[in-house]
Structures are given as structure tokens and as C-alpha cells.
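Student: If you scroll down you'll find the structure; I have some questions about it.
Values quoted throughout were computed directly from the atomic coordinates according to the rules given, and no laboratory measurement underlies them. This one's a predicted model, so the numbers in the text were calculated from it and none came from an experiment.
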Amino acid sequence: MISVLRRAPAYVVLVVAAVLGVVPFAWMLIASTHRTADLFGTPLPVLPGGELAANLVRLADEVGFVRVMANSVGIAAVYTLLSVAISVMCGFGLAKYRFRGRGALLGLVLVTMMVPMQVLLVPLFQMMASVGWIGSYQAVILPFLASAFGIFLMRQSYLGFPDELLEAARLDGAGELRMFWRVVVPVSRPQIGALVIYTFMTQWNAFIWPLLMLNREDTYTLPVALNTMIGATRVDYSGLMLGSLLATLPVLVVFLLVQRQFVAGLLGGAVKG
């Protein structure tokens with residue numbers, strides 16, 4: 001009983017934090033089932049309304065929700081796959097291979113993390129325009145594939161990777177690529193899973209760069225398309241709430257899928273260790 005009382009403050013803090021985290025999503029759900037005018041009435045609606053179907057139809061008509069959702073999923077998936085692959089390979093190379101200029105290269109990677117994205121917008125836009133990529137998906141994906149944060153994260157995780165495992169694989173006749181794929185990647189699945197979540201969310205929520213690159217409505221990503229619902233004199237808040245609520249679903253799916261990889265990687269490491 002005494003131990004329970006001692007932990008009571010921690011439980012209270014956790015409950016309050018959980019409630020504060022759930023409230024925005026609950027309000028999004030409620031707001032997406034009402035008309036925009038109802039959201040500014042008195043009192044505020046606290047229960048779901050009956051406008052969900054109408055809001056869905058309006059959302060599909062105004063922004064082509066299915067199309068922009070597919071665009072966002074495709075761009076985020078391709079970007080995540082390529083960016084994580086680059087980060088894992090570069091991080092492993094910087095951690096485990098000895099070559100001249102390695103320290104300078106790592107320092108250059110870290111310096112790029114300090115450069116604000118806003119500084120890069122104009123030169124990157126000029127580069128994309130010079131190769132005729134304005135309005136294309138590759139212009140959204142390619143410029144930021146080499147993530148300095150991802151490379152640094154994987155490099156730090158591989159610093160503690162046992163060199164004995166690598167030497168044993170080489171003695172067994174495995175080449176560098178086979179060793180990397182069969183030995184390094186399975187052991188580092190938890191770190192890769194964390195990077196997948198971060199990378200997917202970063203690209204999924206990207207707004208400024210896709211807004212500059214995508215100039216046709218049929219190529220818009222979800223954040224860009226939802227921004228078109230904000231007019232000079234009218235804002236469709238119920239539509240925005242519904243679109244934002246639906247936009248969280250792919251992120252939740254990715255998190256749940258990668259969460260299983262966390263467990264598998266940890267258990268696999270425990271058994272091997």
C-alpha cells in the first residue's frame with residue numbers, strides 16, 4: 001500500500017499527460033462531424049454530429065482527397081526507403097571503415113545540420129528549374145535524400161557494433177555487401193525502425209518544399225491540398241479537421257508496423273547475445 005502511495009504522483013502525471021495528448025484528437029474527431037458554423041456556436045459541441053458524410057463528400061470534391069492521399073503515401077514511402085538506405089550505409093561506413101578524410105566528412109555532415117532549410121530554398125529551386133523538374137515528384141524526393149540526422153544517428157549506433165562479428169563474417173567468406181545485409185542490418189533493426197518512423201513523418205508533414213515544387217492540383221501532397229481549403233475570407237474548419245484526422249492514419253499504421261520490428265530486433269539480439 002505504501003509503495004502504491006509513493007507511485008501515486010507519477011500515476012497522476014501520466015494520466016494528465018495522457019488526457020492532454022488525447023484531447024486534440026478527440027476535438028478533431030468531434031469537429032469533423034459538424035459544420036464549420038457549429039464550431040463557433042455557444043456552447044461548443046462536445047458530442048459527434050451528423051455531418052461526417054457531407055464533410056467527406058466535400059473533402060473529396062474540393063481537394064481530391066483520395067488522389068492527394070495516394071500522392072503523399074507514394075512520395076513518403078519512396079523517400080523513406082531511399083533515405084533510410086542511404087543513412088544506414090553511410091552511417092556504417094563512417095563508423096566502421098578507416099579512410100583518409102573520414103573526420104572531415106563527418107564534420108561536414110554535422111555542419112549541414114546547422115543550416116536552416118529556408119537558406120536552401122532559393123538555390124535548390126534554381127537547380128530544379130535548371131533541369132526542368134518543377135512540378136515533378138523527383139524534385140520533392142531527391143534533394144533531401146541524404147539526411148544528415150539519419151546518417152549521424154546510424155553512425156552513432158554502429159560505433160558500438162562488435163568488430164568481432166564483422167571479422168567472423170569476413171573469415172567465413174562473406175563479401176562486404178553480404179556481410180552488411182546478413183549481419184549488420186538484422187542486428188540494427190531497432191535503430192532502423194526508429195529512423196523509418198522519423199523519416200516517414202518528416203516527409204509526410206513536409207509543406208514548404210512540396211508547395212514550391214508541385215504546381216498542379218493532381219500532384220499535390222496532403223498538406224499542400226489541405227492548405228487550399230484556407231481562403232482569404234472563408235476557412236473550412238470542419239473539412240480541415242476531417243482531413244487532418246484522416247492524415248494521421250498512415251503515420252499510425254507505419255508506427256504500428258515498425259513497432260513490431262522493434263520487438264523482433266530486440267528479441268533477436270537477446271537470443272544471439
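Student: Using a/c under 1.5 as the rounded threshold, could you call the range 1-141 rounded, prolate or oblate? The axes a ≥ b ≥ c are square roots of the C-alpha gyration tensor eigenvalues, and prolate needs a/b larger than b/c, oblate otherwise. It would help to have the intermediate numbers written out before the result.
Tutor: On the way: a/c = 2.94, a/b = 1.32, b/c = 2.22.
Taking the square roots of the gyration eigenvalues as a ≥ b ≥ c, the range 1-141 is oblate.
Student: Follow-up question, since we're still on this one. Once you've got the GNM for the chain with C-alpha springs shorter than 10 Å, pick whichever of E62, E51, E176 has the biggest mean-square fluctuation.
Tutor: E176
Student: Another question, if that's okay. As a test of the formula, what do you get for the chain when each DSSP H run with n ≥ 4 contributes -39,500 (n - 2.57) and the sum is divided by the residue count, at 222 nm and rounded to the nearest 500 deg cm²/dmol? Could you put the intermediate results ahead of the total?
Tutor: Numbers: 13 runs with 192 residues, N = 273.
Counting only the DSSP helices, I get -23000 deg cm²/dmol.
Student: Also, quick follow-up: Normalized C-alpha radius of gyration of the range 60-154, against 2.2 N^0.38 Å? Walk me through the intermediate numbers first.
Tutor: Details: Rg = 16.6 Å, N = 95, 2.2 N^0.38 = 12.4 Å.
Against the empirical 2.2 N^0.38 Å value, I get 1.34 for the range 60-154.
Student: On to the next question. By how many degrees, between 0 and 90 and to the nearest 10, does the Cα long axis of helix 117-130 differ from the longest principal axis of the chain?
Tutor: For 117-130 against the chain, the angle is about 90 degrees.
Student: Additional query: Would you calculate the volume per residue, in Å³, of the smallest convex hull containing every Cα atom of the range 107-146?
Tutor: Details: hull volume 2.9 nm³, N = 40.
Cα-based convex hull of the range 107-146, divided per residue, equals 71 Å³.
Student: What is the projected area of the convex hull of the Cα atoms of the chain, averaged over all directions, in nm²?
Tutor: Values: hull surface 87.5 nm².
The number I arrive at for the chain is 21.9 nm².
Student: Still on this structure, please answer the following. Could you work out how far helix 52-63 tilts from the main Cα principal axis of the chain, as a 0 to 90 degree angle to the nearest 10?
Tutor: Approximately 70 degrees, to the nearest 10.
Student: Provide Rg over Rh for the range 7-85; use the alpha carbon set for both Rg and the Kirkwood Rh (inverse mean inverse pair distance). Kindly include the intermediate steps, with their values, before the conclusion.
Tutor: Values: Rg = 18.7 Å, Rh = 16.0 Å.
Using Cα coordinates only, the ratio equals 1.17.
Student: Which value in Å does the Kirkwood hydrodynamic radius of the range 179-221 take, with 1/r averaged over all unlike C-alpha pairs and then inverted?
Tutor: Values: mean 1/r = 0.0785 Å⁻¹.
For the range 179-221, inverting the mean 1/r across all distinct Cα pairs yields 12.7 Å.
Student: Per q in 0.13 1/Å, what log10 I(q)/I(0) does a Debye calculation on the alpha-carbon atoms of the range 177-261 return?
Tutor: Calculated log10 I(q)/I(0) at the listed q: -0.59.
Student: Also, quick follow-up: Any chance you could give the angle, 0 to 90 degrees and rounded to 10, that helix 102-112 forms with the longest Cα principal axis of the chain?
Tutor: The angle comes out at about 10 degrees.
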